[in-house]
1. Return the calculated 222 nm mean residue ellipticity for the chain, to the nearest 500 deg cm²/dmol, obtained by summing -39500 (n - 2.57) across DSSP H runs with n ≥ 4 and dividing by the residue count.
2. Could you sort HIS38, HIS179 by accessible area so the largest value comes first, with the probe set to 1.4 Å?
3. What translational D, rounded to a whole number of µm²/s, comes out for region 173-296 from Stokes-Einstein when the hydrodynamic radius is the Kirkwood one over Cα pairs, at 20 °C and 1.002 mPa s?
4. Protein chains only, probe 1.4 Å: how do ARG73, ARG225 rank by accessible area, largest first?
5. Where does the chain land on Rg/Rh, using Cα atoms and the Kirkwood Rh?
6. Ignoring ligands, DNA and RNA, please state the percent of accessible area on the chain from carbon and sulfur, probe 1.4 Å.
7. Tally Lys/Arg at +1 and Asp/Glu at -1 over every other residue whose Cβ is under 12 Å from the Cβ of ILE184; what's the total?
8. Given a 1.4 angstrom probe, what's the average accessible area per residue across the chain, in square angstrom?
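The values are calculated or read from the model by the stated rules, or taken from the named source; none is laboratory data. Because the structure is a prediction, the values reported are computed rather than measured. No Cβ is skipped: glycine too gets one built from the backbone with ideal geometry, and neighbour counts run over all protein chains shown. Just so you know, the surface numbers come from the protein's heavy atoms only, side chains and all, with ligands and any DNA or RNA stripped out. Shrake-Rupley method; radii C 1.70, N 1.55, O 1.52, S 1.80 Å.
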Amino acid sequence: MRIAVTGATGFVGSAVCRAAEARGWQVHPFGRRPGVRHWDITSGPLADPPEVDAVVHAAASVADETESAAMWRTNVDGTRNVADTFPGTRLVHVSTASVYDPFTATVNADESAAPVARYLNAYGESKAAAERLLTYRPNTVVLRPHAVYGPGDTTLLPRLLGAIRGRNLVIVGDGRTRHSLTSIDNLTDAVLLACAPTAKPGTYNVADAEPVVLEEALPEIFAERGLHVRIRHLPVRLAWLLAAVAENTWRPPRLAQLSRYAVSHLGFERTLDITAARRDLGYRPSPTSFTGAREW
Ligand SMILES: NC(=O)c1ccc[n+]([C@@H]2O[C@H](COP(=O)([O-])OP(=O)(O)OC[C@H]3O[C@@H](n4cnc5c(N)ncnc54)[C@H](OP(=O)(O)O)[C@@H]3O)[C@@H](O)[C@H]2O)c1
């Protein structure tokens, strides 16, 4: 197999490159940093693309803080430029479970429940728009992972560790909320399965074998990292109110991560039905595991 990978310098894209190379595939990595072929996807389609069997689109602007127009340029215009560069070629678009309704819980949701008409931030909105523009593109697989973790994580673990104050971590809700997490190994497996010409085009949730309960999962990560952290709770309604105020007025530095988006992702159940990926892609995910988290 010959594949092109956008976002090859990022957490997901670099893992996809390594997994594909480990299988002996020919990989063309793209990004904006040294070590990969330069392509800023906001600048337009690539003039001289390589001939490939599939393109994995993992480039995106993911930071909550990114200004909306810049995020739109990368996530929507950039996706259009990637699709236009490789017309007809199998496209594996790495989307996100953030396209589900952030105002209500996502309970064992199947793929038909998104995109929706309302979002809490430019990330969810722009990723949903990217999915919509790919709706009628043939030969396209859209993958929706949730909360990707593992070696090289640029988002989840840094945010979690950054939220610890002294030995305390305040989490939204009572901690009993269930979440579908996605290990980077499970996600790369799904991506490589989706590259196969025989894999059925469509949209697929991608998650670990079973959801986990937050209050049980977090201590496992802390134990692996040798951290002694006491978990405290903030009621969802209060957190939502504080976040709404913080978004519209001044946000004290110690509440830097408090947004309604963050509250909706931590405080509400976020579980995904992965039946379609199992059935149509042959996806066989491993259970959630934080073994080795000391090194991440
Ligand atoms: N991490 C998660 O928990 C998670 C969960 C669900 C879905 N996802 C999805 O997974 C995909 C990858 O996310 P990630 O976690 O790997 O993020 P990441 O580590 O921040 O990587 C993002 C990648 O996109 C590239 N990129 C950003 N803007 C670009 C531009 N204008 N032109 C070309 N490349 C650009 C970055 O390149 P530079 O090195 O040049 O900045 C980097 O390689 C995204 O589509 C995201 O929505 C991630």
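1. -9000 deg cm²/dmol
2. Heavy-atom accessible area, descending, gives HIS38, HIS179.
3. Rounded, D is 128 µm²/s.
4. ARG73, ARG225
5. Reported Rg/Rh (Cα atoms, Kirkwood Rh): 0.96.
6. In the chain, the share of accessible area belonging to carbon and sulfur is 53 percent.
7. -3
8. Here the per-residue accessible area is 47 Å².
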